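The values are calculated or read from the model by the stated rules, or taken from the named source; none is laboratory data. Every value quoted in this text rests on a predicted model; they were computed, and no experiment measured them. Cβ sites come from the backbone with ideal geometry, for glycine too, and all protein chains shown count toward neighbours.
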Amino acid sequence: MENPEDLLKDIFAKRKARIDEHEKLRASEPFQQALKRVDKLVWEYGEAINAIDFQSTRWPPFYEEFISLRMKQQFAECVISAGQLIKEGFHTPARRELRFLVEASVKALWLDTGSPEISDSRREKPISKLSDVKAKVGALDDLGRERFAGIVKSLKFKMIDDAGAEIFRSAALDLYSKLSTHVHVSSQNIGKDLQRFEKGQDIGFETVKDVNSMADLMQRVLDLALASHFEAFMPSLVGDIFVEIFDENKRWTFHKTPLVAAVSRHFDYKAERQSRG
């Protein structure tokens, strides 16, 4: 019979070998490039929300009107947390952060754009257009009882055209549905994890493909979130952000994402863009 101490030594040796192998993978160029992509997404999202925040200083009452402005810290917390979690291999908690961002940014947009009333037989009065942040915060609980699909369907847009609006709604519902499976315990998420564990795909031993897949997901969520933030703000000032800031930065990731690009196209009429050809 094999000595128990030898068995333990063998287990620890195999575990250490696997950890060392993963450390080498993490140090490889493809893995480091995947991590840098995550960092770039977080940074460029931050640039955008800071640009909105800076433009809002041109009229201080904006802070009393737009809940999207006042939730900036919650939005930033989600994105920074998700980025760090992805980089450390904790992908399920990262998905939960991204799911909150989807829900919060869309609901803030609904409140800030005065989208059509949502009525419900359980309430005496429908949720309708609200004029200040305090009232909008108070409406969040009622809004939370609504079906997310109903909120998305009723959204009104100021800059995104009809075709872009359909892409927005489809993306919002798809992301919300997929990410919601990671919020509550279900046969789907637990079953998938157990299958992965049986194949040796344990938490913390992510591959380059895993990180890139999460970066793809994060990019889709941030595209939706930024489009929501821009739509919730003043079109004239959003135009200044694109023309004066991001048009000069050709490497900004969100030039090529569908929803932010849809917002950007609204300003193609501007003389600055026309003169650039």
Number of the exception - residue 86 against (1) touching a Ser or Thr at 6+ places or on another chain (Cβ under 9 Å); (2) hydrophobic (A, V, I, L, M, F, W, C); (3) closer than 27 Å to residue 23 by Cβ: (1)
Which numbered condition residue 259 fails, given (1) out of contact with any Asp or Glu (no Cβ under 6 Å at 6 or more places or on another chain); (2) aliphatic (A, V, I, L, M); (3) touching a residue at least 12 places away in the same chain (Cβ under 8 Å): (1)
From the options 4, 30, residue that is of a type outside the set (Val, Ile, Thr) and in contact (Cβ under 8 Å) with a residue 24 or more places away in the chain: 30
Total residues in the stretch 50-65, condition touching a helix residue (DSSP H, G or I) at 6+ places or on another chain (Cβ under 8 Å) and either within 15 Å of residue 227 (Cα to Cα) or in a helix (DSSP H, G or I) (or both): 9
Selected residue (only one of 125, 178, 134, 153 is closer than 30 Å to residue 265 by Cα, over 16 Å from the mean Cα position of the chain (by Cα) and modelled with pLDDT under 95): 153
For residue 17: the one exception among (1) modelled with pLDDT of 85 or more; (2) surrounded by fewer than 18 Cβ atoms within 10 Å (Cβ to Cβ); (3) of a type in the set (Gly, Ala, Ser): (1)
The one condition in (1) at pLDDT 95 or above; (2) buried (at least 18 other Cβ atoms within 10 Å of the Cβ) that residue 74 fails to fulfil: (2)
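Mind checking whether some residue in the stretch 265-277 is on the phi > 0 side of the Ramachandran plot, assigned to a loop (DSSP other than H, G, I, E, B) and without any contact (Cβ under 8 Å) to a residue 40 or more places away in the chain?
Yes, the stretch 265-277 has at least one match.
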Any pair with Cβ under 7 angstrom, 6 or more apart, that starts in the stretch 48-67 at a residue that is surrounded by 14 or more Cβ atoms within 10 Å (Cβ to Cβ) and ends at one that is part of a helix (DSSP H, G or I) and among the β-branched types (Val, Ile, Thr): 51/241; 52/241; 55/241; 65/133; 67/133; 67/137
When residues of the stretch 228-239 are limited to those that are in contact (Cβ under 8 Å) with a residue 60 or more places away in the chain, buried (at least 18 other Cβ atoms within 10 Å of the Cβ) and assigned to a helix (DSSP H, G or I), the one farthest from the chain's Cα centre (by Cα): 238
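Only residues that are surrounded by 12 or more Cβ atoms within 10 Å (Cβ to Cβ), free of Cβ contacts under 8 Å to residues at least 40 places away in the same chain and under 27 Å from residue 223 (Cα atoms): list them for the stretch 178-191, please.
Answer for the stretch 178-191, where residues must be surrounded by 12 or more Cβ atoms within 10 Å (Cβ to Cβ), free of Cβ contacts under 8 Å to residues at least 40 places away in the same chain and under 27 Å from residue 223 (Cα atoms): 178, 181.
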